[in-house]
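A short worksheet on the structure shown next.
The values are calculated or read from the model by the stated rules, or taken from the named source; none is laboratory data. Model, not experiment: these values are computed from the prediction. Every residue, glycine as well, gets a Cβ built from its backbone with ideal geometry; the counts of neighbours run over all protein chains shown. Note: areas computed on protein heavy atoms with side chains; ligands, DNA, RNA excluded. Shrake-Rupley method; radii C 1.70, N 1.55, O 1.52, S 1.80 Å.
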Amino acid sequence: MDMTQDLEHRTADERAADLAKALPAQIARAQALSGYAALSGVDAASVTTMADLAKLPVLRKSELVSAQSTTPPLGGLAGPVSGFSHVFQSPGPIYEPGNIDGDWFRLGRFLKAAGIGCGDVVQNCFGYHLTPAGMMFESGARAVGATVLPAGTGQTELQARAAKDVGSTAYAGTPDYLKVILEKADEMGLELAIKKAAVSGGALFPSLRQYYADRGIACTQCYATADLGLIAYESEAMEGMIVDEGVIVEIVTPGTGDPVAEGEVGEVVVTTLNPDYPLIRFATGDMSAILAGQSPCGRTNMRIKGWMGRADQTTKIKGMFVRPEQVAQLVGSHDAIDRARIVATRNGEMDEMIVKIETGLCDPEAFQDAIVAALKLKGQVELVAPGELPRDGIVIEDIRKYD
């Protein structure tokens with residue numbers, strides 16, 4: 001994907017003219033794939049504007065799971081897996097294709113905006129096992145000429161030592177893990193050279209960003225997903241997130257697909273212009289709002305306010321999604337669990353998960369294995385008597401503050 005300033009600094013008329021060419025071609029590519037039966041009656045040549053796009057059906061993640069189970073592994077929404085360098089797995093399970101070369105996920109645009117480039121050593125602390133985040137940021141770093149230390153997750157003492165020995169100048173990972181590395185380095189008496197941080201996969205709280213700033217680290221964030229790659233990113237202006245040039249973003253009323261007015265909160269729906277994986281009006285389940293005007297940095301594309309919660313109760317905790325169906329799986333996996341409720345909270349600058357369980361048992365440890373098996377995370381267990389959890393339909397409650 002081209003990262004030149006020509007794309008980022010187009011006028012509104014230039015961007016609309018380019019969209020009028022790119023959108024019909026992308027709709028036609030989707031129609032050529034077996035998984036897009038819903039677009040079979042659409043005249044691709046007539047879909048040239050955002051208003052035309054808004055008339056097309058929304059593709060939801062549940063449909064992706066269903067399509068992939070019927071037509072494995074990619075649901076007929078992409079060509080054969082032999083055309084890709086990687087196939088990843090996300091909870092569902094959902095399989096996503098990807099390529100390591102050519103900045104296929106377009107993360108290079110974000111890293112460039114974060115000031116990362118030739119001469120930088122990026123300590124990439126995103127996961128590499130099955131999930132795409134590690135490869136997404138690695139291909140972006142390679143695209144901007146940086147060197148990558150593929151650190152992955154965990155082993156904090158080794159991370160701190162490697163950062164010192166290799167001379168890492170930039171960090172890529174979830175917002176809170178860099179703080180863990182820095183504190184470990186302090187304990188070990190190591191002075192690290194990290195001055196830039198490119199983060200995603202969780203909320204960047206103002207207090208945490210200030211903590212990094214106080215240590216001389218400029219921290220910026222992006223919004224990206226396994227399915228879509230880069231969606232939007234902060235620049236040095238840090239005024240909202242600028243929509244990437246390789247996607248079209250709509251903010252719609254959840255459940256309807258109808259665009260909302262500028263400034264109103266709604267669900268993020270994304271259409272990719274990636275010819276290899278033409279997702280059309282893909283509903284992310286995330287909430288955001290369009291920010292009026294243009295970024296002071298000079299980039300001219302639409303801005304969004306960033307992540308503002310989920311359209312459903314799915315919540316990201318410690319960089320991992322926890323979904324209502326996983327809570328149902330937990331309840332069904334143990335005879336002693338009557339009901340369960342997940343509470344996402346904070347302990348200092350770290351995410352914390354509390355698992356409230358209605359049960360007649362008195363030993364919280366009796367449920368730990370079932371929690372990890374269903375939720376893929378460890379949590380603090382609180383036992384309550386049968387009938388004490390609210391009957392309000394909420395199974396995942398996020399009480400973290402985002403202001």
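Seen through its C-alpha gyration tensor, with square-root eigenvalues sorted a ≥ b ≥ c, the chain comes out oblate because a/c lies at 1.5 or above while a/b is not bigger than b/c.
Could you grab the Rg to Rh ratio for region 87-177? Cα atoms only, Kirkwood for Rh.
Values: Rg = 13.1 Å, Rh = 13.4 Å.
Using only Cα positions, Rg/Rh for region 87-177 is 0.98.
Can you check what the Kirkwood hydrodynamic radius comes to for region 75-119, Cα pairs only, in Å to one decimal?
Working: mean 1/r = 0.0798 Å⁻¹.
About 12.5 Å for region 75-119.
At q = 0.19, 0.26 Å⁻¹, what log₁₀ I(q)/I(0) does a Debye calculation on the Cα points of region 316-388 give, no solvent, two decimals? The Cα Debye sum returns log10 ratios of -0.71, -1.26. Residue ranges 220-227, 85-92 sort as 220-227, 85-92 when ordered by packing (mean number of other C-beta atoms within 10 Å per residue, highest first).
Mind checking the per residue accessible area of the chain for me, 1.4 Å probe, whole number of Å²?
On the way: 17180 Å² over 403 residues.
Ligands and nucleic acids excluded, the result is 43 Å² per residue.
Of all accessible surface on the chain at a 1.4 Å probe, what whole percent is carbon and sulfur? Of all accessible area on the chain, carbon and sulfur atoms account for 53 percent. With 22 Å as the limit, the listed pairs Lys318/Lys356; Lys184/Lys376; Lys196/Lys401; Lys112/Lys305 have Lys184/Lys376; Lys196/Lys401 beyond it between alpha carbons. Subtracting the Cα-Cα distance of Ala54 and Leu190 from their residue separation scaled by 0.36 nm leaves 43.6 nm.
If you plug the beta carbon distance of Lys21 and Asp369 into 1/(1 + (r/R0)^6) with R0 = 56 Å, you get a FRET efficiency near 0.55. Shape of region 1-116 from the C-alpha gyration tensor: oblate (a/c of 1.5 or more and a/b not above b/c, with a ≥ b ≥ c the square roots of its eigenvalues).
Mind giving me the nanometre distance, one decimal, between the label points for Val81 and Ala45, set 7 Å out from Cα along Cα→Cβ? For Val81 paired with Ala45, the spin-label model returns 3.8 nm.
Relative to the compact globular guide of 2.2 N^0.38 Å, what is the alpha carbon radius of gyration of region 228-376, as a ratio?
Numbers: Rg = 19.3 Å, N = 149, 2.2 N^0.38 = 14.7 Å.
Working it through for region 228-376, the quotient is 1.31.
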